[in-house]
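Before I ask anything, let me first share the structure, which is written out below as structure tokens.
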Amino acid sequence: MKYQDCIDASQVGAAAADGAARLVEANINPATGLASDYLNHFNEAIMLLEMLSSCPDCRGDFLSWQPRSYREHFQASRFKGRLLAIEAYNAADPRLRQNLDTLADAMTAVLEAARLAMQGEIPQHAAVAVAEDAAATLRPLIALAGAVINGVAATGAPASPQAVVDGLMKRA
């Protein structure tokens, strides 16, 4: 008798359903194994950029923002399903992980370029212009990352982080 003959298909189905239910309960997409909570890390930076025109003090908060990988975000998070999020990420389709990681790298590159441009003594209007350009570049990247997480994005590779930064600099 083979090992496969000893497995009860209903137990496998129940285990898969239980696993999917745990993911859903933890706000992790069961189809992709990815959690949109990771995008909060980038949304926080975008919020600070958008507030810069009306609240110049946000500049210091933005300058102190630090990039984090998916795993680093959840390791430092208070997200209730943080360990499950890391486990599910590790088990996710490598192409989806790569797409999300490439988008995260692109968003990080945009944010790092904006931080570099805002360091030092630049006029407030120049910092606001950098912030507005960076936020405008980041919004579609956040949407693409959300599409990857929610399983609605194509599996083709997104633009490289450098290509995104180059596009941002051309607009400035």
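Just so it is clear, none of the values below were taken in a lab; they were calculated from the coordinates. Please read these numbers as outputs of a predicted model, since none were measured by experiment. For neighbour counting, all protein chains shown are included, and Cβ atoms are generated from backbone atoms with ideal geometry for every residue, glycine included.
How would you rank 86-97, 134-145, highest first, on the average number of other Cβ atoms within 10 Å across their residues?
Going by the mean number of other Cβ atoms within 10 Å, highest first, we get 134-145, 86-97.
Using amide H atoms built 1.01 Å from N in the peptide plane, name the residues 5+ places from I28, or on other chains, whose amide H lies under 5 Å from its own.
none
Here is a further query. Once you list every other residue whose beta carbon is under 12 Å from the beta carbon of T108, what net charge do they have if Lys and Arg are +1 and Asp and Glu are -1?
-2
If you take the beta carbon distance between R71 and E132 as r and set R0 to 30 Å, what does 1/(1 + (r/R0)^6) give as a FRET efficiency, to the nearest 0.05? Don't skip to the answer; put the middle values down first.
Numbers: r = 31 Å, r/R0 = 1.04.
So, using R0 = 30 Å, E works out to roughly 0.45.
Next question. Packing-wise, with mean Cβ within 10 Å as the measure, how do 38-46, 112-120 rank, highest first?
Top to bottom by mean Cβ count within 10 Å: 38-46, 112-120.
Also: Give me, ordered by chain and number, the residues 5 or more places off G81 or on other chains with an amide H under 5 Å from its own placed amide H.
Correct list: empty.
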